[in-house]
1. Can you find, within the range 336-346, the residue that is surrounded by the fewest Cβ atoms within 10 Å (Cβ to Cβ) among those that are in a loop (DSSP other than H, G, I, E, B) and in contact with a helix residue (DSSP H, G or I) (Cβ under 9 Å, 6 or more places away or on another chain)?
2. Which condition from (1) farther than 25 Å from residue 191 by Cα; (2) out of contact with any strand residue (DSSP E or B) (no Cβ under 7 Å at 6 or more places or on another chain); (3) surrounded by 19 or more Cβ atoms within 10 Å (Cβ to Cβ) is the one that residue 73 breaks?
3. Do any residues in the range 21-39 that are in contact (Cβ under 8 Å) with a residue 60 or more places away in the chain have Cβ atoms under 7 Å from those of residues that are exposed (fewer than 14 other Cβ atoms within 10 Å of the Cβ), where the two are at least six apart or on different chains, and which pairs are they?
4. Going through 438, 372, 393 one at a time, which residue ends up being surrounded by fewer than 21 Cβ atoms within 10 Å (Cβ to Cβ), touching a residue at least 40 places away in the same chain (Cβ under 8 Å), in the same structural domain as residue 211 (by TED's automatic domain parsing) and more than 16 Å from the chain's Cα centre (by Cα)?
5. Here is a check on your reading of the model: is residue 12 closer than 24 Å to residue 310 by Cα, without any contact (Cβ under 8 Å) to a residue 40 or more places away in the chain and not in a helix (DSSP H, G or I)?
6. For the range 264-274, how many residues are closer than 29 Å to residue 130 by Cβ and surrounded by fewer than 18 Cβ atoms within 10 Å (Cβ to Cβ)?
7. Would you check which residues across the range 433-454 are out of contact with any strand residue (DSSP E or B) (no Cβ under 6 Å at 6 or more places or on another chain) and closer than 21 Å to residue 142 by Cβ and list them?
8. Across the range 210-244, what is the number of residues that are free of Cβ contacts under 8 Å to residues at least 60 places away in the same chain and closer than 30 Å to residue 271 by Cα?
């Protein structure tokens, strides 16, 4: 196993920086420091913890341009989207500054005791395993509620965004958080099983592939440790015949193409009623053709490369396999190294990779249906359960269908997205547990019953 990590700019193909891997001793030292930091951090009041969060906001704001550029260089995200990601992290922190005290307050329960209540106590050191597609947001949506609840955090980030991983630790340290409160592990995934097996790790949160989720859940299960898993998805976007395409087409396109299509909650299957099918296809392709590919560091670039060349190769294989099974390319499907041209495919059916699997890139798979009942039936034909979106003027009808949607999210006339104020997570092969909102901050706490008689 190599002792270094090399980051590469996916747009230029050039090496960015070489990082030395943590030795086994360094990994154990970081774990020891995180465990030690927990002893004092858990005793701080919530108001004291949120003061550090205010400092963290200042760190993010003052360094936004540098952090956004780093993100863009490491994984190819257009710079305007990188800057927006930093802004979203700030919004997340502001939300928990305002609400943490209330979320973590003892819940008084009336019983025959003089006093009884639920105390929400931190667990200890929590391990996070995070992906590269939203290098800051994914980490912050784990770290902010987890640390604010009184835990400490260890991060194993994706290797291709090692610079972002180190930068996040520096942000926490620059904000004054005690040493060991948030720590990045610069290591390979092969090391993580041993880390997770250590008694000092109390729980684990993973955002990543279904394969990675199963592997981590297996290890955690052997050691009786809690998991939060946010895994893959192939979200359906239902377009009913009464949908206001003039109003919503930009949102529909963005639902697939933002972040160059590299989002677990992106719309991947577009299910369209036949009455508006041709009109939808024309409008959809017209909008996609307006996306501008260029150097992602330029502010007018609206779509970037994929994060690595192997990702483009995998996506190409999924498309070609689907074509052999009867899908038809209407637009795009040109690949050059890490760049995958925005692509529209029709006649996507069950049994094809573009329908059954997660396609992690700018490929929109279109399925024509006869009516709205068929649309919802086809949308439900998925192993995944992150989210479903529907566009229609008949909001009352769409709302009645809520119980039939077995996903973690259901959005009407809007793309599925994460919001600090709302719980985020999936069902089925998309994982379990919730991030964000009140539910997220209570994932890694001991909900302790306290019963007092005099």
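1. 337
2. Condition not satisfied by residue 73: (2).
3. What qualifies is 21/3; 21/4; 33/179; 37/179.
4. 438
5. Considered against the rule, which asks whether it is closer than 24 Å to residue 310 by Cα, without any contact (Cβ under 8 Å) to a residue 40 or more places away in the chain and not in a helix (DSSP H, G or I), residue 12 comes out as yes.
6. At the first step, the residues of the range 264-274 found to be closer than 29 Å to residue 130 by Cβ are 264-270.
If we keep only those that are surrounded by fewer than 18 Cβ atoms within 10 Å (Cβ to Cβ) too, we end up with none.
The total comes to 0.
7. If the condition is that a residue be out of contact with any strand residue (DSSP E or B) (no Cβ under 6 Å at 6 or more places or on another chain) and closer than 21 Å to residue 142 by Cβ, then 434, 437, 438, 439, 440, 441, 442 are the ones that fit.
8. Of the residues in that region, 2 qualify.
The values are calculated or read from the model by the stated rules, or taken from the named source; none is laboratory data. Computed from a predicted model, the values in this text were never measured in an experiment. No Cβ is skipped: glycine too gets one built from the backbone with ideal geometry, and neighbour counts run over all protein chains shown.
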